[in-house]
Structures are given as C-alpha cells and as structure tokens.
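Right, one structure below, let's go through it.
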Amino acid sequence: MTDATIEVRQLAKWFGPVVALSEVSFDIEPGVTALLGPNGAGKSTLFRVMCGLANPSRGSVRIFGENPRANPALTRRIGIAPQQERLFERQSIVEFVRLAAILHRVPHPDEAALRAIDTVELDPGDTRPLGSYSKGMRQRVKLAQALVNDPDLLVLDEPLEGLDPRQRLRTIELLRRLGNQGKTVIVSSHVLDEVERFGSRILVIAQGRLLAEGPFGAIRELMDDRPHHLRVGTDRPATLAAGLLTTGVVTAARVNDGWIEVETSDAPAFRRSVAAVARDCEARLTEVRALDDDLESIFGYLVDRR
C-alpha cells in the first residue's frame, strides 16, 4: 500500500513527431512538491496528463490510486490553476469563483467563494470586471478558484509569475501551510530561487525528461557540482592564465585578446583566488563574469549527464 497521492509510471506524450514527455516516472506524497524546469520543458503537458485533461501516449498515471481519465469524479478532489489565463473577463471575482464552486458541486457556493477569495487576500466586494485586474491579481483569482472546492490535491502551474514580492511571500506561506495540513501541493516554476523558498521536494524536468528528484539541498548540490565557465578581463591574459593554472583551481584556460575564458569546478574558490593571482602576476583585472550561471545552462548540463 502506497502513501503517494500521485503515481506516474513510464509516462510519455507526443504530438505527431514532437515528443513532449519521455519515460517519466515519480511518486508525489502529501506536502509541497516543486516541478522545476525551463520554459518548454514539458511541465504544463505533464500537469495536463497528470490531472486527466489529456491522454498519455504511453505509460500510466494514478491519482488517489485511480486513473483520472476513467474517473471524472476525481476532479472534485483536485484544484487546478493553469499557467494560461482563462478568466471570464466581464465577470466580477465573486461571480467567477462562485461559478467554479458550482461546477465542483460545492455545497453553499456563495460561502465557499467568499472563503477562497479571502484566503488569497482579495476583496470580494470588488465589482470590477476581471478584465481590469492586474497580472498579479489575476494570478490570485486563479488560485482562489483552485481552492474553492477545498481540494486534497492542488496543481499550480507557475503560480508566482507576475506577483509582487509581498504577494509572492504570502502565496508561498499559504502553499506551505496547505502542505503542512496534509494536502498535496505541486507547483511548477522555471526560477530556482522561487523553488528554494518552498523548502520542498524537487522534480527537475527538461526536454520532456525527468533529470533529478529529491530534497532541494541535494538538487542544489547537483546543480552546483558542474564545471563553471567564467570570463576574466585583463591586460596580461597569457601571464594571468598561466598563473591561474598553477593554483589547481582552474582546470582549463583559453587565452583571447584582452580576456581569458577559464573553467573551474569550484567557482567560489576561483573568485577568492583570482585577485591574488592577478596581483602576483602584475596583471590588471577589468572583469570577472560567469558565462553559464543562467538556469538554461544548468539544465543543459543535467541533460548532457543523462
């Protein structure tokens, strides 16, 4: 008997010749789980298949032990906030969230709508049409409709996008609180720093493949344990390159006109030593800049490891 809310086994999804997901397997238990991946990695497709909104091309998904495509009643236990905005622009917030409650057959939909709106810290007395709302407010409207049926499973696709710093903090606190209450919350993001704030278990996906999974600390170490490439500007590139190679911190150096491209497996140690080496070589530093600290480069490295 498993405690997993979601069980995914050898899941694949393709659209004609395009493979969106390839042999993805994992379990998700109650608490907060973050799905981390660059844009276009397959996160939204995974969510759609996982929630029963699309058929897998191969493999299986079980939610609460059942196939979501075979049991539509499971949707009453699920709250979904998609990345795409699909709001009825002329409705007020109460009308929109109340409609979601009615579709979920929630008893007392008016009361449920007011509770959900209050939970995301919006004003139920606001009669303006949703089309006039800001990006951050619209995100919270989507979250309110996802919460209106008090779901056991909450699936949120990039829910922090467009929120201001305070709203992000409050939303993260809310999702962590729901996870601590025993609900299963799965949140997607392409921003590593956002995921870190959840302090949660991480699934890393890129190019439709699951590359890593585990607690955030272990994933952070995996991402940091890779060669780093930096550009070092100097008036004496050949001399400085030779000096850096003798330290053992730099594993390779390519000399260019006025700068060096170095490779190191310990970027912090390199940053601590480069100034002293430049001084000993009587070289002037004009620039030290990482060439591959963006998230796309990190995912590219993980893809190459597979």
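The values are calculated or read from the model by the stated rules, or taken from the named source; none is laboratory data. Bear in mind the structure is a predicted one, so any value in this text is a computation, not a measurement. Glycine gets a Cβ as well: all are built from the backbone with ideal geometry, and neighbour counts include every protein chain shown.
If you take the residues of the range 208-237 that are in a loop (DSSP other than H, G, I, E, B) and at pLDDT 85 or above, which of them is surrounded by the most Cβ atoms within 10 Å (Cβ to Cβ)? Talk me through it step by step, then tell me what you get.
Here is the first cut: in the range 208-237, the ones in a loop (DSSP other than H, G, I, E, B) are 208, 225-227, 235-236.
Those left that are additionally at pLDDT 85 or above: 208, 235-236.
Details: Gly208: 23, Asp235: 14, Arg236: 16.
Restricting to residues being in a loop (DSSP other than H, G, I, E, B) and at pLDDT 85 or above, the top hit is Gly208.
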- Note on the structure: Per the filter on the range 238-281, residues in a strand (DSSP E or B) and either closer than 30 Å to Ile202 by Cβ or not polar (S, T, N, Q) (or both) are Val250, Thr251, Ala252, Ala253, Arg254, Val255, Trp259, Ile260, Glu261, Val262, Glu263, Thr264
- In this structure, does Arg105 turn out to be modelled with pLDDT under 95 and on the phi > 0 side of the Ramachandran plot? yes
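For the structure I just gave you, tell me whether Pro109 is within 28 Å of Lys43 (Cβ to Cβ) and surrounded by 14 or more Cβ atoms within 10 Å (Cβ to Cβ). Give the derivation first.
Details: within 28 Å of Lys43 (Cβ to Cβ): no; surrounded by 14 or more Cβ atoms within 10 Å (Cβ to Cβ): yes.
The answer is no for Pro109.
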- Those residues that are of a type outside the set (Lys, Arg) and in contact (Cβ under 8 Å) with a residue 40 or more places away in the chain, I need them from the range 66-83; list them, please. Ile78, Gly79, Ile80, Ala81, Pro82, Gln83
- Note on the structure: So, first residue on the phi > 0 side of the Ramachandran plot in the range 148-171, second residue among the small types (Gly, Ala, Ser), Cβ within less than 6 Å, six or more apart or across chains; the pairs are Glu158/Ser188; Gly162/Gly136
- Note on the structure: Going through the range 130-153 in order, the residues found to be assigned to a helix (DSSP H, G or I), modelled with pLDDT of 95 or more and over 14 Å from Arg86 (Cα atoms) are Leu147
- Query: Quick one: would you say Asp150 is charged (D, E, K, R) and under 13 Å from Gly79 (Cα atoms)?
  - Reply: yes
- Message: Could you check the range 40-93 and list, in sequence order, the residues that are over 29 Å from Gly16 (Cα atoms), outside any helix (DSSP H, G or I) and basic (Lys, Arg)?
- Response: Arg90
- Scanning the range 154-174 for residues that are outside any loop (DSSP other than H, G, I, E, B) and under 14 Å from the mean Cα position of the chain (by Cα), the one farthest from Glu194 (Cα to Cα) turns out to be Val155
- Item | Positions within the range 183-198 being over 10 Å from the mean Cα position of the chain (by Cα), modelled with pLDDT under 95 and under 12 Å from Pro159 (Cβ atoms), in sequence order | Phe198
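With Glu7, Glu23 as the choices, which residue is in contact with a strand residue (DSSP E or B) (Cβ under 7 Å, 6 or more places away or on another chain), over 27 Å from Glu196 (Cβ atoms) and outside any loop (DSSP other than H, G, I, E, B)?
Sole residue among the options that is in contact with a strand residue (DSSP E or B) (Cβ under 7 Å, 6 or more places away or on another chain), over 27 Å from Glu196 (Cβ atoms) and outside any loop (DSSP other than H, G, I, E, B): Glu23.
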